[in-house]
Every structure is written in C-alpha cells, then in structure tokens.
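S.K.: Just dropping this structure here.
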Amino acid sequence: MKSQVELNGMLDNVVKKKKGIWQQSLNWRTALLYLLPSLILFSVFLFYPMGKTLYLSFFLTDRQGEANVFVGLENYLYLLESEAFLKSIKATILFVLYTVPTGIIISLFLALLANEKLKGIGFFRTIFASTMGISVAASSVVWLFLFHPSVGFLNKIIASLGGQGVDWLLDPKWALLSVSITTIWMNIGFTFLIILGGIQNIDEHLYESAKIDGAGYFYQLRRITIPMLSPTLFFVITVSLINAFQTFGQVDILTQGGPSESTNLIVYSIYREAFVNYQFGTASAQSIFLFLCILVVTILQFKFGEKKVHYQ
Amino acid sequence: MRWVKKGLVYIILSIAALLIFFPILYAFLISFMTGGELLQGNIFPERFHLENYQKAFDRLPLAHYLLNSLIISLSVMLGQLVVSAMAAYAFVFIPFKGRTLLFFIFISTMMIPWEATMIPNFMTIQKLDWINTYQGLTVPFFAIAFGTFLLRQHFKTIPKELHEASEVAGLSKFRFFIKVVLPYCKTSLVTLGAYGFLTTWNMYLWPLLATNNDSVRTVQIGLKQLQTQEMATEWGVVMAGVIVVIIPTLILLFLGQKQLQKGLAQGALK
C-alpha cells in the first residue's frame, strides 16, 4: 500500500503535467491565433484552388465547371498536340525573350544615370519611376493609340521621314513585338526603382578606394557596381520573368490574342479557354503548365542565385 | 572638362526622360483635342478645354467607378496590413514548434501564380454569391506572403531588450504588438500599404471576371469600356479617361517614391 504522502505527491505530479502541457502549448495557441487569418485565406483562395485546378485538369467539365467525365491525362495529351497551345507557348517564350533582357538593360542604364549626384536629379528619378504608377489598362489604351495605323504617332513619324507605315497590331510579324514594347515601357518604372535602390545600397568606400587607385568609370562599373548589384539584378530578373509569364491586360486591350493568335500568351489562352469556350478541363491543364513554368523559374533562382550572386 | 561631362549627362537624362514620359504627356495633350485637331496630327491642342473630360464622365459612371476603385484599394490595403502584420508578429516574437516549416509554407505560396488558381477562385466567388460585391474583389487578396516577408524582416530588427523589457513590465503580447512593434515599423507598413494600394488600383483580370454590371466595377474596366465604345472617333475622350484614372496613382507614387524604393529593395534583398 502506498502512503498518503506518496499518493499526494503523485497527484501533484499529474496536475503539474496537465498544466504543463496546457502551458507549453500556450505559445503554440497564441501563434495560431495570429496566423489564423493568413492560414484560412491561403487555404481557401490559394491551396484549395491550386488542388482543384489539378483535379479539374483530369476531367471534362460542363458549362458550370463541374467535373463530369474522368479522362486522366487526356487533356494534357490534347494540349501537346493542339497547334493553338503550342503556338501560345511559342509566343510566350518569345515574349519573355523580347521583354525581360531589354527591360532590365534599359532600367539599369537609367538607374546608373539617375545615380549621378547632380542638381535636380530627383526630378529625373520621379519621371523614370512614373510608369510604375500607370495601370496596365491605361498604358495599353495609350499605346493602342500610338500604334494606330493612320492617326497613331509612330506611323506619323515614319511617314514624316518618308517611310511606309507599319500595321503594328494587325500584322502577325509585328504584333508580338508591339505588345512587348508596351510591356517593356510599363515595367521600366518598377525595375528602375529596384535597381536604383540596389545601387544606392553599395558602400561608398568601395568607390573611394577605387578612385584613389585611379580606376576609370567603366572599370568601376565592371568591377564594383555590377558585382555588388548582382543580388538586386537577380531579384529583378526573377520578378520580370514571372511577370512576363503572367501577362494579360496588354493582350486583352491591344490585340485580343490576334492576329492569327500571334499574341495569344498563356494567361490569355487560359482565360479564353475557360471563360469564353467554357473548356475548364483543358484550361486547368494549361494553368498547371503555367504553374510548372513559374515553379522552374523559382527553383532555378534558389539553386543558382544563391551561389553565383555576390552578397554583401 | 567636368562641365562638358556634366552637360552630357544632363542631355542624356533629358532625352531619356522625354522618351519615357512622352506617352503620358501625349495622352494628356490629346485629352484636350477635338476629333478634327487629332486628324490634322497636331501635337499641341489649340486650347485647353475640358469638354472631353465632361464627355468621359457623361458616357460612363466614371465617378462611381473611381469611388469603387478607391473603396476596393483601401480595403485590400488595410486587409493586407492587418493580416500580414499579425502573421509576421507570430513568426518573429512567438517561439513555437514548426515555425520554420510554417514560414517555409508561407514563402512557397509565392510560387503559385495567382492566374493558375483563378478558375476555381471564380467558382468559389460564384458559390458564395460574391459576384458584383466588394468582398468578392477584396477578400481573396488579403493574405499576401510578400507582405508577411517584408514586415518580418523589419520586425526582426527590433532590439531584443525592448521585447524583454516589455515582458518584465508585464505588457501582454497583444499590447506589445500594438504599442511597440507596429509604431517601430511604421516605414515598412507605409511601404506595404502603398504597394498594396497601387497593385489593387491597377488590377485588371480579376475585376474583369468578378463583375458583370456597374455596381462595383473599377476604373480599369471602365477604361476598357470607354475604349471599346469610343474607338475610331473620339480618342480625346478616351485619353481624358486615361488621365483621370492615372492621376491618383501618379500622385501616390510621387509622394511615396523614396519610401517605396527603400522598402522594396529591403524586402527584396534581406
């Protein structure tokens, strides 16, 4: 038989332990409370729909988007053989190649210029950043007019120089390039601001010692600015790539994917497949494809970015 | 020699500025032109009259759209600030099991392009009967991993002593959050707020899907309507619409440019 004292001690322990678990989980419970809004919203509007997209991509659907017939990988196989989809992929890749490098080079150039310590430089910085404040819809409408075949500014310039006007948005050869020009212009503001921020973060002393050694501007640019800027440039490249894959508004306002589907970029293609043709199954399969593209870009960033890039 | 170099930089700066700003300047000038002036190919309008602006507001409920855009952008901005700040607080100041894993899950959401989820999201909004409502246009955007990430970076710079001192003083977690953390990180909150407002004001695809009448439609969709209605004839009216739509965000950008530049660079790199 155990003595009363011993029993009491055991009871005490049990109570302590119980309180301990409750106490121990206090932090966990508090944290959950603070994280709950994010967790609920991510679940409802991000994780669930991502799963649902994957699910739908294996089905044929009715007009309401309810899954009807399980078809396995049929939707994917259909896409890989569909000329329209392959064209869309090709257009998207070309679009990325047209917009990302050019946009970054122009922004880098502007940022280097705007980093000079001159009177009134703030004014120029504001102008260069201004396109960030202009929406996709507004930019597209303005450029739609600049590209206008008869009254548009671009063709007027060409005409005044004695050239033949170009059907910017109506000629399959030019349309994608025109959409790209609009996009590059739109993105300059954001890219410029980020790169300028990066340049200003570089330690002044590096330049001072280089100057003492008599290094010229371009030597400093190659040996100090660009290497020290590499994390910023890397970030900007990733964001620009992802943005390029997500392009929609410009296409909707400028070309509606035409002429002859030369500007049917992937998000526009998904939009049309789902909300015009009501083919939610194949549209979902295209969405999965978009997801994979962006996944690859992000993984590449983590794999290579961290190693190659010079961090301070 | 220094003078020559300075002059050269100014010249290049000016040319670049003109090229970049030209489309906006041109749109502004056209917004004062009649159809006839435009056909003649003038660059400067004969006089600055507001007729086109009058027409733009007559053809469309533009004022109503502006109000919608303002309500939606402010709501998303506030929603993002509250939700992100709470999450960031938990990640920085509450040690709990699985914190690293959960943070990794948060970051991984940045890999999901929103467009890849829009079909089921559209169906969800439809089932909730949220088409043509403010909540349909705002609530899906409240949680944003970028916001949590940005604020977490700044919260981490709060000195440990401050946290310890407030615990000794018996300040509750919630009061520490409200009274110490948020005021300390005002600049990041402003950056995130400006960013949220800008991106929401400029949103295009989701408002296109989630509205089918004028009740909560935003100015961006209004621009598309204006452009389809007026096409060939009255570009002046369309450009008047463009100027009205871009003015609020341009002002916001001019005011907050420095802040935004610093904040975004920080969020991007640390």
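Read-outs: derived from the displayed coordinates by stated rules, not from any lab. Owing to the predicted nature of the structure, the values given are computational and were not obtained by experimental measurement. Neighbour counts run over all protein chains shown; Cβ positions are idealised from the backbone, glycine included.
S.K.: Calculate, for B:GLU167 and A:SER230, the FRET efficiency according to 1/(1 + (r/R0)^6) with r their C-beta to C-beta distance and R0 35 Å; round to the nearest 0.05.
M.R.: Details: r = 41 Å, r/R0 = 1.17.
Approximately 0.30, to the nearest 0.05.
S.K.: Taking R0 as 51 Å, what FRET efficiency do you get between B:ILE43 and A:LEU221 from their Cβ-Cβ distance, rounded to the nearest 0.05?
M.R.: Numbers: r = 37 Å, r/R0 = 0.73.
Between B:ILE43 and A:LEU221 the formula returns 0.85.
S.K.: Have a look at A:ALA175, A:ILE121, A:LEU56 and report the one farthest towards the positive end of the charge dipole of the protein assembly as shown, computed about the Cα centre with Cβ charges (Lys/Arg +1, Asp/Glu -1).
M.R.: Among A:ALA175, A:ILE121, A:LEU56, the one farthest towards the positive end of the dipole of the protein assembly as shown is A:ILE121.
S.K.: Something else now. Measure nothing fancy, just the Cα-based angle from helix B:2-30's long axis to the longest principal axis of chain B, in degrees from 0 to 90, nearest 10.
M.R.: On a 0 to 90 degree scale, this one is about 70.
S.K.: Only four residue types carry charge here, +1 at the Cβ of Lys and Arg and -1 at the Cβ of Asp and Glu. Report the dipole size of the stretch B:1-143 about the Cα centre in Debye, rounded to the nearest 20.
M.R.: Working: 9 positive and 6 negative charges, 143 e Å.
Dipole magnitude for the stretch B:1-143 comes out near 680 debye.
S.K.: In Å, what Kirkwood hydrodynamic radius results for the stretch A:16-144 from the alpha-carbon pair distances?
M.R.: Numbers: mean 1/r = 0.0466 Å⁻¹.
Every distinct Cα pair counted, the radius reaches 21.5 Å.
S.K.: Could you work out the per residue convex hull volume over the alpha carbons of the stretch B:61-120, in cubic angstrom? Each step should come with its number before you reach the end.
M.R.: Details: hull volume 6.5 nm³, N = 60.
Spelled out: Cα convex hull of the stretch B:61-120, divided by residues, is 108 Å³.
S.K.: Of B:LEU101, B:LEU60, B:LEU252, which is the most mobile in a GNM of chain B whose springs link Cα atoms less than 10 angstrom apart?
M.R.: B:LEU101
S.K.: Counting only Cα, what are the radius of gyration and maximum Cα-Cα distance Dmax of the protein assembly as shown, in Å?
M.R.: For the protein assembly as shown, the Cα-based Rg and Dmax read 27.0, 113 Å.
S.K.: Right, something else. Taking every eigenvalue of the Cα gyration tensor of the stretch B:154-243, multiplying by 5 and rooting it, what semi-axes result, largest first, whole Å?
M.R.: Working: eigenvalues 470, 38, 14 Å².
So the three semi-axes of the stretch B:154-243 are 48, 14, 8 Å.
S.K.: What angle do you read, to the nearest 10 degrees and between 0 and 90, between the alpha-carbon axis of helix B:235-269 and the longest principal axis of chain B?
M.R.: Helix B:235-269 and the main axis of chain B meet at about 30 degrees.
S.K.: So what J values fall out for the stretch B:147-161 if you push phi through Karplus, 6.51 cos²θ - 1.76 cosθ + 1.60 with θ = phi - 60°, rounded to Hz, Gly and Pro as x?
M.R.: x, 4, 4, 4, 5, 4, 4, 6, 4, 5, 7, 5, x, 4, 4
S.K.: Can you compute 3J(HN,Hα) from phi for each residue in the stretch B:176-185, using the Karplus curve 6.51 cos²θ - 1.76 cosθ + 1.60 with θ = phi - 60°, rounded to whole Hz and x for Gly and Pro?
M.R.: Once θ is set to phi - 60°, the couplings for the stretch B:176-185 become 4, 4, 6, 8, 10, 5, 4, x, 4, 9 Hz.
S.K.: If you line up the Cα atoms of the stretch B:1-86 on their principal axes, what length do they span on each, largest first, in Å?
M.R.: The principal-axis extents, from largest down, are 56, 48, 16 Å.
S.K.: Calculate the length of the line joining the C-alpha centroid of the stretch B:12-83 to that of the stretch B:251-265, in whole Å.
M.R.: Between the Cα centres of the stretch B:12-83 and the stretch B:251-265 lies a distance of 21 Å.
S.K.: Expressed in whole Å with the largest first, what are the equivalent ellipsoid semi-axes of the stretch A:74-202 derived from the C-alpha gyration tensor as the square root of 5 times each eigenvalue? Provide the component values of the computation, followed by the final result.
M.R.: Working: eigenvalues 205, 109, 28 Å².
Value: 32, 23, 12 Å, ordered largest first.
S.K.: Can you give the Kirkwood hydrodynamic radius for the stretch B:52-269, in Å, rounded to one decimal and based on Cα pairs?
M.R.: Working: mean 1/r = 0.0515 Å⁻¹.
Over the stretch B:52-269, the inverse of the mean reciprocal pair distance is 19.4 Å.
S.K.: When all C-alpha to C-alpha distances in chain A are sorted into bins of 20 Å, what percent of pairs does each bin hold, rounded to whole numbers?
M.R.: All Cα pairs, binned at 20 Å, distribute as 23, 43, 23, 8, 2, 0 percent.
S.K.: Helices from chain A with mean Kyte-Doolittle at least -1.0 and a Cα length along the axis of 24 Å or more, per DSSP H: which? Show your work: numbers first, answer last.
M.R.: Working: long enough: A:4-42 (54 Å, 0.16); A:83-114 (46 Å, 1.71); A:175-200 (37 Å, 1.65); A:226-245 (28 Å, 1.78); A:280-300 (30 Å, 2.13).
Flagged H segments are A:4-42, A:83-114, A:175-200, A:226-245, A:280-300.
S.K.: Turning to a different aspect of this structure: To test your reading of the geometry: what angle, between 0 and 90 degrees and rounded to tens, separates the Cα axis of helix B:62-93 from the longest principal axis of chain B?
M.R.: It is inclined by approximately 20 degrees.
S.K.: Could you state the per residue volume, in Å³, of the convex hull enclosing the Cα atoms of the stretch A:55-117? Walk me through the numbers before you get to the answer.
M.R.: Details: hull volume 8.7 nm³, N = 63.
So the per-residue Cα hull volume is 139 Å³.
S.K.: While we're here: Between B:ILE71, B:PHE146, B:VAL180, whose Cα lies farthest towards the positive end of the dipole of the stretch B:52-269 when Lys and Arg beta carbons carry +1 and Asp and Glu beta carbons carry -1, centred on the Cα centre?
M.R.: Ranked along the dipole, the leading option is B:VAL180.
S.K.: Would you mind pulling out the separation of the Cα centroids of the stretch A:43-109 and the stretch A:202-263, in Å?
M.R.: 27
S.K.: Here's a follow-up. Count the lysine pairs in the stretch B:52-269 that are 8 or more places apart or on different chains: how many have C-alpha atoms under 28 angstrom apart?
M.R.: Value for the stretch B:52-269: 20.
S.K.: With bins 5 Å wide starting at 0, give me the P(r) of the stretch A:171-279 over every alpha carbon pair, in whole percents.
M.R.: Distribution as computed: 2, 10, 16, 15, 12, 11, 9, 8, 7, 5, 3, 2, 1, 0 percent.
S.K.: Beyond 19 Å, what percent of the Cα pairs of the stretch A:25-75 remain? Each step should come with its number before you reach the end.
M.R.: Numbers: 626 of 1275 pairs.
Tail fraction, whole percent: 49.
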